[in-house]
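Notes to accompany the following structure.
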Amino acid sequence: MNAAPNKRSNIVLYVSKSDINSHRIKMVAAEKSVPADIIEVDTQHLPQELIAVNLSGTLPTLVDRDLVLYDPSIISEYLDERFPHPPLLPVYPIARAKTRLMMLRIEREWYSLANTIEADVTSQNEIKNIKKKLAESIISFAPVFSSLPFFLSEEFSLLDCCMAPLLWQLPKLGIIIPPQNQAIHDYTKRIFERPSFRASLSNYELEHEDA
């Protein structure tokens, strides 16, 4: 997925080694075989080349010639349109709208809870409650996981790219989905075995795969 060092591609993706949104964008890029230079950034020591194009230094950041994008949803859809095969958004407007709405919900509700747990800036009792809330919210979608091969779809989509990194992070966050929720575990196994998911993992994530 990375371009050869002496043949820099037009697209550069600045990512974190373990951030959920960075992982999400790497998965989209891998699924679509995007010819991009993927640069892992130390969040404590941001490179000047990143600051030069994105003063806030937020990750992930995409640079494509004179275009700079730093919102994960916008980056995902840009890559999907820039590299149209395979398409990762539904063709029909209603289905596309539902997909976008669910991605927004995952970001606002689930990603935000995961980020709070990882930041560990509140009391342990509150962290425990947040973990419980996140687990219960995901489990409440068990019927969705069992009804279709992919999340809310017959085909792999941007929604799966949004969901997979969150599910990957759960053990690291200390959240275990009980074994009786078999549909969730089946979905997780199916997505984690996908070549694009394996290609999207950083060395850090691979080293902590069994953690």
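Values quoted throughout were computed directly from the atomic coordinates according to the rules given, and no laboratory measurement underlies them. Only a predicted model underlies this, so the values are computations on that prediction, with no experimental measurement involved. Neighbour counts run over all protein chains shown; Cβ positions are idealised from the backbone, glycine included.
What to note about this one:
- The range 89-96 - phi-based ³J(HN,Hα) in whole Hz, Karplus 6.51/-1.76/1.60, Gly and Pro as x: 10, x, 6, 7, x, 5, 5, 5
- Estimated FRET transfer efficiency when R0 is 45 angstrom, pair Glu155-Gln48 (beta carbons, to 0.05): 0.65
- Seen from Val41, the other residues with C-beta closer than 14 Å to its C-beta sum to a net charge of -3, counting Lys and Arg as +1 and Asp and Glu as -1.
- Radius 15 Å from Cβ of Gln180, net charge of other residues (Lys, Arg +1; Asp, Glu -1): -2
- Derived scalar couplings between HN and Hα for the range 165-178 equal x, 5, 4, 4, 7, 3, x, 4, 7, x, 10, 10, 7, x Hz in order, rounded to whole Hz, by the Karplus curve 6.51 cos²θ - 1.76 cosθ + 1.60 (θ = phi - 60°), x for Gly and Pro.
- The angle between the Cα long axis of helix 124-139 and the longest principal axis of the Cα atoms of the chain comes to about 90 degrees, rounded to the nearest 10.
- Relative to its residue count, the range 30-126 spans a Cα convex hull of 134 Å³ per residue.
- Residue order, fewest to most beta carbons within 10 Å, for Arg65, Arg194: Arg65, Arg194
- Hull shadow area, averaged, the chain [alpha-carbon convex hull, nm²]: 12.3
- Percentage relative contact order, the chain, counting C-alpha pairs under 8 Å, at least six apart: 25
- For the range 93-207, the equivalent ellipsoid built from the Cα gyration tensor has semi-axes of 23, 17, 15 Å, listed from largest to smallest.
- For Glu107, net neighbour charge (Lys/Arg +1, Asp/Glu -1) across residues whose Cβ lies under 11 Å away: +2
- Between Lys17 and Val41, the built amide H atoms are under 5 Å apart, and every one of these is 5 or more places off in sequence or on another chain.
- Each label point was placed 7 Å from the Cα along the Cα-to-Cβ direction; for Tyr92 and Phe192 their separation is 3.4 nm.
- Top of Asn129, Asn21, Asn54 by mean-square fluctuation, Gaussian network on the chain, Cα under 10 Å: Asn129
- With R₀ set to 35 Å, the beta-carbon distance separating Ala199 from Lys128 gives a calculated FRET efficiency near 0.50.
- MRE, 222 nm, helices only [DSSP H, n ≥ 4, -39500 (n - 2.57), over the chain, to nearest 500]: -14500 deg cm²/dmol
- Couplings for the range 152-161, taken from phi via the Karplus curve 6.51 cos²θ - 1.76 cosθ + 1.60 with θ = phi - 60°, read 6, 7, 7, 10, 4, 9, 4, 5, 5, 5 Hz in order; Gly and Pro are left as x.
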